[in-house]
Amino acid sequence: MTQHHGGQRWIAHALPIRTGRVLLLHRNPGGRHGDLWDIPGGSVGPGETPAQAARREVSAETGLDVLIADELTHFVNPDSGDDAVDLQTADTETINTQTNPLQIDEATTVGIHTVTFGCFENRLDRDVSLTPEHCEFEWMSYAEATHVPLVWHVRRTLDHAEALGLLT
């Protein structure tokens, strides 16, 4: 569950980059975002910055020790408060037309912040070790990554990283 920060929910991700290739994690078919390729990430905890959460999640989900770099992407979407609507995998039209955002009070509407940072390994001698939520991983080029089914924000982040020259 994501944490609320000032009426907003924050999810932090990191895009591990190694010699122009990115680490993608294949989610188990039966789980959340099943059978999609994703990047390490999760909820921002109490007292944590998004960058700290991204680093923690990379370590927890892959076993890698990384240096968090600049923020690559930051999306804010309305939170429907409805578990049936999965904003992480919804298409842009669905996200932009949500009409039932979660109200905390009359003045506060909850949004979901999905922020992704670039990151680089502190040590190249570590192997990736997956958690049970993922069935496989692969270091992919931009071209390879655009041919697998991705969680919506991952594709947008990859496009931005490629445009910046980070994946060449």
Checked pairs for the range 114-126, first in a strand (DSSP E or B), second open to solvent by 80 Å² or more (accessible area, probe 1.4 Å), C-beta under 7 Å and 6 or more apart or across chains, list as V115/E71; F117/D70; F117/E71; G118/D70; C119/L67; F120/L67
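With closer than 14 Å to H134 by Cβ, of a type in the set (G, A, S) and surrounded by fewer than 23 Cβ atoms within 10 Å (Cβ to Cβ) as the only criterion, which of G31, G41 stands out? Full working, then the answer.
Numbers: G41 fails: surrounded by fewer than 23 Cβ atoms within 10 Å (Cβ to Cβ).
One residue alone meets the criteria, G31.
State all residues of the range 136-168 that are among the hydrophobic types (A, V, I, L, M, F, W, C), within 17 Å of the chain's Cα centre (by Cα) and either buried (at least 17 other Cβ atoms within 10 Å of the Cβ) or in a strand (DSSP E or B) (or both); if no residue qualifies, say none. Give the derivation first.
At the first step, the residues of the range 136-168 found to be among the hydrophobic types (A, V, I, L, M, F, W, C) are 137, 139-140, 143, 145, 148, 150-152, 154, 158, 161, 163-164, 166-167.
Filter again for within 17 Å of the chain's Cα centre (by Cα), leaving 137, 139-140, 145, 148, 150-152, 154, 158, 161.
F137, W139, M140, A145, L150, V151, W152, V154, L158, A161 - these are the residues of the range 136-168 that are among the hydrophobic types (A, V, I, L, M, F, W, C), within 17 Å of the chain's Cα centre (by Cα) and either buried (at least 17 other Cβ atoms within 10 Å of the Cβ) or in a strand (DSSP E or B) (or both).
Among the residues of the range 97-130 satisfying the criterion of being of a type in the set (G, A, S) and either at pLDDT below 90 or loosely packed, with under 10 Cβ neighbours inside 10 Å (or both), which is nearest to G41 (Cα to Cα)? Walk me through it before giving the result.
Within the range 97-130, the first condition is being of a type in the set (G, A, S), and the residues that meet it are 107, 111, 118, 129.
Right, trim to either at pLDDT below 90 or loosely packed, with under 10 Cβ neighbours inside 10 Å (or both) and you get 107, 111.
Numbers: A107: 30, G111: 18 Å.
Within the range 97-130, the match that is nearest to G41 (Cα to Cα) is G111.
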Scan the range 25-66 residue by residue and report those that are over 25 Å from G111 (Cβ atoms) and polar (S, T, N, Q).
N28, S59, T62
Look through the range 11-28, keep the residues that are in a loop (DSSP other than H, G, I, E, B) and in contact (Cβ under 8 Å) with a residue 40 or more places away in the chain, and return whichever of them is least open to solvent (accessible area, probe 1.4 Å).
G20
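Every residue, every condition in (1) assigned to a loop (DSSP other than H, G, I, E, B); (2) touching a helix residue (DSSP H, G or I) at 6+ places or on another chain (Cβ under 9 Å), yes or no:
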residue: G45; (1), (2): yes, yes
residue: E48; (1), (2): yes, yes
residue: A51; (1), (2): no, no
residue: R55; (1), (2): no, no
residue: E61; (1), (2): no, no
residue: L64; (1), (2): yes, yes
residue: D70; (1), (2): no, no
residue: T73; (1), (2): no, yes
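The values are calculated or read from the model by the stated rules, or taken from the named source; none is laboratory data. Bear in mind that the values here come from a model prediction, so they are computed numbers and not experimental data. In this analysis, Cβ positions are derived from the backbone assuming ideal geometry, glycine residues included, and neighbour counts consider all displayed protein chains. Side chains included, ligands, DNA and RNA excluded: accessible areas come from the protein's heavy atoms. Shrake-Rupley method; radii C 1.70, N 1.55, O 1.52, S 1.80 Å.
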